[in-house]
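Data first, discussion second: the structure below is written as structure tokens.
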Amino acid sequence: MVAICEVEIRNFRGISYLKWWPRKGLNCLIGPGDAGKSTILDAIELTLGARQSFTFSDADFHRCNIGEPIIIDVTLGALSDELKNLEVYGHFLRGWNPVNGAMEDEPASHLETVLTLRLVVRDDLEPQWLLHSEGAGAEGRERNLQWKHRQLVAPVRLGTVAAHHMALGPRSILGKLSADATQAAAALAGASRQARQAFADRGCEGVEPILEASKRIADTMGIRVDEVRALLDVRGVTLSGGAIALHDEDHVPMKSLGSGSMRLLVAGLQKEVGRSSIFIIDEVEFGLEPYRIVRLLDSLGAKTDDGGQQVFMTTHSPIVLRELAAPQLFAVRTERTTTPATTFDDLMLPETKVTTNVVRHLGASEQAQKTLRACAEAFLAPSVIVCEGKTEIGLVRGMDLWLQDSGSRSLLARGCHWADGAGSSMIERAQLFASMGYRTALFMDSDVLYSAETYAALTQAGVHVIRWQDGFSTEAAIFAAAPAAKISDLLQIAVDWRGEDAVDAKIQKLSGNRYTLDLCRTAFAEDMRGLLGQCAGEGKWFKDIEPAERVSRAVFAQAWFDTGIVYTAPVTRLMQWTGAWTVPVAPAAAGTAAG
């Protein structure tokens, strides 16, 4: 089945320039709202579609720049013998290297034979569809894809409204499913004749005055009419294929089905039709419950991924992401670069800003798949905080809730989400998010020190590392920085989570029976801080999101300026990175705990 192997877009809507090599099978695009995901889908449909009556406007040009034409090239591979016919398309056949994406102007044995369809729109707003080849263009040759072949490669677009597919129209799935359209046409013609005859036999009450007046005026004007009758107009009751629609057992039109149900049905019908192997669906989760999302993805080949059909879709749902394989996911990003001002031939060339859209592939590694399963929500945000574990996630969530309590915008509203680094996987996961174009921070402890090369590699990848003071675990930092008056609150959170006996036993064991839980509560001394931090780590007092969230929100956020900088300094840097906080770290004098 024919498949798209390259998409190149210039000056179209939000895309200045983009080149992408999609995969056979399922391609899921994610990214911010202005990245161009839907624009890519529209570009493919407009270039390959059988409908060539689209009306363009100045707004379809990137930044309304009509001085540069819209040029969309879609290159098709896996061509049938008809599309590789030398007599018909020989001058436009090209060679494509699937290893590096290089395009040659002539086919070769080591290259895949491809055809490039081009859509061009200039300032006159008249679209032009043609086949593209550098060699044929240089020779002044032009031609379009034959209509019968265009119908074969035209993608099926499954939009938010799919009701037209429930009728036997020329552009519907049902129309393509019909083995013999002439039988339906004959039935419709017969129905039209029967309707006209039934109306004539029954007549129409209340039109006699009109008929009499028409007859009288005709006679007066010298127009010979023996009789005037009110019948159905032949052209007015001519039924087209769209008049045949699916109904249920109660004669209710299936166009009345919910949007999600129609999407499921159309997806199944499309697989049955099998004419076009290219399927486009925007916001695949629209109108569907989670279990039906999974069913739709199965019908689209998310699990088999056998290449029998090529799917282009977008999503904003973590449910969808968790059902996908990592190689099926692509992040669309807008990158803005600035070329500095330079001098050339005694001329001062000004600074220029260039916008480029890129598509980044998640890849097929085991870590990529694990990260996609564990951190699906984070893939839908522009900025990601990779937290070493659930304790750090809880601390971040607690600060976020405190920001909301104080009337500030949440981290989520600022486009920032947290991801579970799963301990030893945190560095790989942070680098993975950064490689996909996400603004990435890594929030980690320092009880295990990594090499200088590791930190340098993170910085080189664009990861902003935020960690506790050297040698401190998160639990050690918590007890080192907490105000003395809040120690009992921390111990209560541990008791609520782990149980009083377990917390007391851990304190007695690690202190050699010098201290008890009750003593730490009622007679806290500064030399207990290190012990309690060790107990919290080994006893996993805060090793989950809920207890750590309480630590952050109910303890430190309520006594921020009495908290030591061991805790406040890294958290402040993290909040400043998110853009949620510009308050400087409290001076050491304001916090007596950790100095």
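Some observations on this one:
- Selection count where residues are surrounded by fewer than 15 Cβ atoms within 10 Å (Cβ to Cβ) and part of a strand (DSSP E or B), scope segment 105-122: 0
- Residue under evaluation ARG333, criteria (1) of a type in the set (Lys, Arg); (2) within 30 Å of LYS24 (Cβ to Cβ); (3) modelled with pLDDT under 70, criterion not met: (3)
- Segment 506-525 residues that are among the small types (Gly, Ala, Ser), paired with ones that are surrounded by 12 or more Cβ atoms within 10 Å (Cβ to Cβ) (beta carbon under 8 Å, 6 or more apart): SER511/LEU531
- LEU41 assigned by TED's automatic domain parsing to the domain that holds LYS19, within 18 Å of SER277 (Cβ to Cβ), over 25 Å from the mean Cα position of the chain (by Cα) and in contact (Cβ under 8 Å) with a residue 60 or more places away in the chain: no
- Options GLN369, GLN404: the member that is over 20 Å from ARG322 (Cβ atoms), assigned to a helix (DSSP H, G or I) and of a type outside the set (Ser, Thr, Tyr): GLN404
- In the condition set (1) of a type in the set (S, T, N, Q); (2) within 25 Å of VAL386 (Cα to Cα); (3) in a loop (DSSP other than H, G, I, E, B), THR454 is compliant with all but (3).
- Check on THR342, at pLDDT below 95 and either within 24 Å of PHE556 (Cβ to Cβ) or not hydrophobic (A, V, I, L, M, F, W, C) (or both): yes
- Of all the listed residues (GLU139, GLU82), the sole one being closer than 30 Å to GLY307 by Cα, of a type outside the set (Gly, Ala, Ser) and more than 34 Å from the chain's Cα centre (by Cα) is GLU82.
- Cβ-Cβ under 6 Å pairs, at least 6 apart or on other chains, segment 55-67 side in the same structural domain as TRP129 (by TED's automatic domain parsing) and surrounded by 10 or more Cβ atoms within 10 Å (Cβ to Cβ), far side part of a helix (DSSP H, G or I) and of a type in the set (A, V, I, L, M, F, W, C): ASP58/CYS64
- Members of segment 21-54 found to be over 19 Å from ALA154 (Cα atoms) and surrounded by 20 or more Cβ atoms within 10 Å (Cβ to Cβ), listed by number: CYS28, LEU29, ILE30, GLY31, ALA35, GLY36, LYS37
- For segment 126-136, taking the residues that are surrounded by fewer than 16 Cβ atoms within 10 Å (Cβ to Cβ) and outside any loop (DSSP other than H, G, I, E, B), the one that is nearest to the chain's Cα centre (by Cα) is identified as GLN128.
- Residues considered: THR459, THR474. Of these, the only one that is surrounded by fewer than 17 Cβ atoms within 10 Å (Cβ to Cβ) and either modelled with pLDDT of 95 or more or β-branched (Val, Ile, Thr) (or both) is THR459.
Each row is one residue, and each column tells you yes or no for (1) assigned to a helix (DSSP H, G or I); (2) modelled with pLDDT of 85 or more; (3) surrounded by fewer than 14 Cβ atoms within 10 Å (Cβ to Cβ); (4) of a type outside the set (Val, Ile, Thr).
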| residue | (1), (2), (3), (4) |
| --- | --- |
| ASP124 | no, yes, yes, yes |
| ARG141 | no, yes, yes, yes |
| LYS148 | yes, yes, yes, yes |
| HIS165 | yes, no, no, yes |
| ARG171 | no, no, no, yes |
| ALA179 | no, no, yes, yes |
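- Residues (surrounded by fewer than 14 Cβ atoms within 10 Å (Cβ to Cβ), closer than 25 Å to LYS19 by Cα and either modelled with pLDDT of 65 or more or within 13 Å of the chain's Cα centre (by Cα) (or both)) located in segment 345-383: LYS353, VAL354, ALA364, SER365
The values are calculated or read from the model by the stated rules, or taken from the named source; none is laboratory data. Quantities reported herein were computed from a predicted structural model and do not represent experimental measurements. Neighbour counts are summed over all protein chains in view; Cβ atoms, including those assigned to glycine, are modelled from backbone coordinates with ideal geometry.
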